[in-house]
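Shown next, in structure tokens, is the structure this report addresses.
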Amino acid sequence: MKNSPAENKTLKAPHLAVDIAGVRFKNPVLTASGTFGYGLEFANLMDLNSIGGIVVKGLSMTPIKGNPPPRVYETASGMLNAIGWQNIGATEFVTKKLPALKNYDTNIIVNIVGFELNDYLEVTRFLNDCPGIQALELNISCPNVNKGGFHFNKDPKDTFAITAETKKASRHLPLWVKLSPNVTDIREFAKACQDAGADAISLINTFVGMAIDVEKKRPRLRFRTGGLSGPAIKPIALRMVWEACQAVKIPVIGVGGIANTRDALEFLIAGARAVEVGTANFYHPDASQRIALGLQEYCRSHNVDDINEMVGSLRAYE
């Protein structure tokens, strides 16, 4: 007895692959930079092969120690952090981390950081010649450093300039730009990236926040302020992603408070081509794997043949 067309559709494995600037991802679930180390730290906590990609911790050309503690503080429905770009440096990453990462069937995206334009260009040129990396994510939106990337995200003209220069240096790899929510109109910055030649944009990074110890009358973070992330920021992140998707034609990767499958679906429906899971990694180390499996199950139960059907499918009220 043959199955009905509806039954065949249900039994057929849904297509979860997405394309971002010519790079194929097996599914639209990635991990966000700064929340997943260099990926290998989570290898015994989840199946790294189950997700579309890993965006590794921000890399500079030379190692950075980061800010002194205390630099992480839990808040209601989120967390504040002021890590300050602590990283092992691009050379050590390429020699000690990347060879092991290449053994996994997932894409590797490197988030790059810098204090001056030349810092970004130097690390970009170096990483462009390293096999095993599928894209670069230009971090101009970290609020937890005294100078550097955040400066380039205060004016769309500055965003355009650093994106254009870094794109020239990125001869072989697609360039994504990670944007800050601490701006007046995210659409202006999204368009500046597109006009400068960015291949995709990821948003949002963290909001500038603060917490105070009322007994000691001191900031909870030594840096005083920190980046707010987690479920508390999801509605604002979702709105900004939707606005950016309306403003540009290049792919948008949604970030901000994504902790489960329905969160991820909201971003896809708003127009994001993929999502990055961040703070949820701290309390559910396998959150990204759970979301990837959840998307597969959602597509099966809702008769969605291709996850791309969900992208930008938001309906207006009649």
Check on I212, β-branched (V, I, T) and either touching a residue at least 12 places away in the same chain (Cβ under 8 Å) or in contact with a Leu (Cβ under 8 Å, 6 or more places away or on another chain) (or both): no
Residue in region 222-259 that is modelled with the lowest pLDDT, counting only those that are of a type in the set (A, V, I, L, M, F, W, C) and in a loop (DSSP other than H, G, I, E, B): F223
Pair list, Cβ under 7 Å, 6 or more apart: region 169-180 residue more than 12 Å from C193 (Cβ to Cβ) and in contact (Cβ under 8 Å) with a residue 24 or more places away in the chain, other residue crowded, with 21+ Cβ neighbours inside 10 Å and among the charged types (D, E, K, R): P174/D199
All positions within region 101-113 that are in contact (Cβ under 8 Å) with a residue 12 or more places away in the chain and surrounded by fewer than 17 Cβ atoms within 10 Å (Cβ to Cβ): K102, D105
Which listed residue is of a type outside the set (K, R) and free of Cβ contacts under 8 Å to residues at least 40 places away in the same chain, from L238, L221: L238
Filter result for L121 (under 20 Å from the mean Cα position of the chain (by Cα) and not small (G, A, S)): no
Cross-chain or 6+ apart pairs with Cβ under 9 Å, region 114-134 first and among the basic types (K, R), then assigned to a helix (DSSP H, G or I): R125/A169
Residue list for region 57-70, filter: in contact with a Gly (Cβ under 7 Å, 6 or more places away or on another chain), in contact (Cβ under 8 Å) with a residue 24 or more places away in the chain and assigned to a loop (DSSP other than H, G, I, E, B): S60, M61, T62, P63, N67
Region 201-221, residues that are hydrophobic (A, V, I, L, M, F, W, C) and not in a loop (DSSP other than H, G, I, E, B): I201, L203, F207, V208, M210, I212
Test: residue in region 184-192 that is surrounded by fewer than 24 Cβ atoms within 10 Å (Cβ to Cβ), of a type in the set (F, W, Y) and more than 18 Å from I20 (Cβ to Cβ): no
Exclusive hit being out of contact with any Ser or Thr (no Cβ under 9 Å at 6 or more places or on another chain), crowded, with 20+ Cβ neighbours inside 10 Å, of a type in the set (A, V, I, L, M, F, W, C) and at pLDDT 95 or above, set L80, L48, L98, L40: L98
Answer residue from region 272-318, given it is under 18 Å from the mean Cα position of the chain (by Cα) and among the basic types (K, R) and is nearest to F42 (Cα to Cα) among those: R290
Region 95-145, residues that are on the phi > 0 side of the Ramachandran plot and among the charged types (D, E, K, R): none
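The values are calculated or read from the model by the stated rules, or taken from the named source; none is laboratory data. Keep in mind the model is a prediction, meaning the values are calculated, not measured. Using ideal geometry, Cβ is built from the backbone for each residue, glycine included, and neighbour counts are taken over all protein chains shown.
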